Amino acid sequence: MGKTESSGASVVVTAILSCVFLVLAIWLSTVLRPPSAARQTSVSPAHVVPVDQPKPLQSSTKRSQKPITSVTPLTSEQRQKCYQTCRLDLVESLPENLTFTRTVNPPVGFTHESWTKLIGMAEKRIFLAAYKSSFRGKHVLDQEHASSAQLGDDIYDLLKKAGVERGIRLEAVENYPPKDRGDNEDASALSEMGVLERRRLHMARVFRAGVMHSKFLVADDSHFYLGSANFDWRSLNQKMELGVHVENCPCLANELKILYDAYWAASVEESADLPDLNAFQNLPALTSKSDPLTIQVGGTDTEVYIAASPRQLNGVKRDWDLDAIVNVIDEAKRDLDIHIMDYVPLFVYQKPRKFWPVIDDAIRRAVVERGVKVRFLTAALHFTAESLYALRSLQIMGNAVSNGGQVDVKILNIPAITDSHRAFARERRTHRKFILNDDTLLIGTSNWSGDYFANTTGVAIVMKQRAESAQPLINQAKQLFERDWTSTYASDLSDYINRCYDHETRRDLCKAGRMAYQQNTAYRT
């Protein structure tokens, strides 16, 4: 009997000690975890999105551990070579039949010229990251208005010939499911011909929310376009767009390759296992705010880096593009010019909606604490009431400070001038997404609401020319903003609200307000 009791007590003691050691081991593994194992981010508490991030849908099956990208960090020799070879220029799109009283000197090139040249320069490979691939207007336009899409038709033909006649390897990752009719038709058509390898990125399946919203084209891992323009005929001659055309710059082109490789790895068919999202944290970043690439633009040293969203697809060293935007605002000393299609300080696509003051707070700090003069040019086309009254709140605050800071807001309306324009009048709008302070220009692909930075893909290029030197790029961007700001197409916010939203007395001025969008007859049903 004594021996049995002794044995039982021994078992209990052993069990207790095992539990103690297990708890101690778990505690030690947490405390002693090396820093490299933790998720690193440059986001300060003030910049954290104030809602719970959607939890990714993780696969229950282990996927291949094959590296997502073959790109490796830059060497000093590669940086020096890129300093010598990289060429960067601004390019834009303008709606047909617009006239301006001011010019930009030197002139800014055009988006369709950039795409045409990049396709022609390619010797081996072209890849596109696309929200949509609708170069041809035939998917939505009737025959009467088909000529409006000629520039897009030309780009499609060039891509087709590059694959069929020149043997260029074509690839694309595009958003899925498409938002509108025709959005994915042209990549699909090229894929069916066997000249383009295509994947579809279904962000909502991987992250429960979001879309693929990046827009860049890369040729031979050396030349690229990055900007606000979708790969869509409307982005060539019906919308205002801004981007960069870059040549002979593998240091930056490979930054986009890293992002593209991440999109490619995250693009899976509905029947396939979901990607292992932990693997994306190991992706390299070749440039950053703290370690930019220096190139020459207009004969002036220019510090450049690439930032991106969402953080779940970024390596731990990649700058978040929301941080990049807030940094440009925080570093403004005198002036801050913003041209963005949509500005809504909310998560507009979530139900219920969530307040999202990150950029709004940064603008208010600049005005109130540093006396910065802010000019805000926007379309106010989507979520009109929320956008207009958020902008009016900013303007009222700016008018109340006594330190010289202020906020001026204008709404940019692109008129329908011809019968063809009236057939797709709502598509004629500004679609630009850039911000400019005293020495830095940021061009991105994202509109300014919380959804775009939490679970939607987006890319921004940040370019700094320090004030103590010549600033040809910054001056050119300022002239471009000034041309649009002073045009007859820009209306003061108070006047726009009065005429378009409160009373709607000027239908020729208003695309938003209380006007219901009617499906145009030029679009096939």
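A few notes on this one:
- Of Lys124/Lys317; Lys161/Lys215; Lys179/Lys289; Lys289/Lys333, those spanning more than 26 Å from alpha-carbon to alpha-carbon: Lys124/Lys317; Lys179/Lys289
- If only the Cβ of Lys and Arg carry +1 and only the Cβ of Asp and Glu carry -1, the dipole of the stretch 72-502 around its Cα centre is close to 480 debye.
- Likely footprinting exposure, Tyr452, Tyr176, Tyr305, fewest C-beta neighbours within 10 Å first: Tyr176, Tyr305, Tyr452
- Under 11 Å, Cβ to Cβ, from Arg166 - net charge with Lys/Arg +1 and Asp/Glu -1: +2
- For peptides 74-83, 434-443, 145-154, sequence by mean Cβ density within 10 Å, most packed first: 434-443, 145-154, 74-83
- DSSP finds beta bridges in the stretch 72-502, and of those with both partners inside it, around 60 percent are antiparallel.
- When the stretch 72-502 is described by a simple charge dipole with +1 on each Lys and Arg Cβ and -1 on each Asp and Glu Cβ, the residue from Val218, Thr72, Tyr263 located farthest towards its positive end is Tyr263.
- Order of Arg205, Arg234 under a 10 Å beta carbon neighbour criterion, fewest first: Arg205, Arg234
- The loop-placed GluC sites (Glu not before Pro) in the stretch 167-218, going by DSSP, include none that has at most 12 neighbouring Cβ atoms within 10 Å of its Cβ.
- Counting Lys and Arg as +1 and Asp and Glu as -1 over every other residue whose Cβ lies under 15 Å from the Cβ of Leu259, the net charge comes to -1.
- Normalised contact order of the stretch 340-387, rounded percent, pairs of Cα under 8 Å and 6 or more residues apart: 51 percent
- For the peptides 276-282, 129-135, 473-479, the ranking by mean Cβ contacts within 10 Å, running from highest to lowest, is 129-135, 473-479, 276-282.
- Projecting the Cα atoms of Ser133, Ala385, Gln471 onto the charge dipole of the stretch 72-502, computed from C-beta unit charges around the Cα centre, puts Ala385 farthest toward the positive end.
- The stretch 72-502: relative contact order in percent, alpha carbon pairs under 8 Å with at least 6 residues between: 19 percent
- Packing, as the average of other Cβ atoms within 10 Å across residues, places the peptides 90-96, 492-498, 251-257 in the order 251-257, 90-96, 492-498, highest first.
Each reported figure results from applying straightforward, stated rules to the coordinates on display, with no laboratory input. The structure displayed is predicted, hence computed values, not measured ones. Every residue, glycine among them, receives a Cβ derived from its backbone with ideal geometry; neighbour counts consider all protein chains shown.
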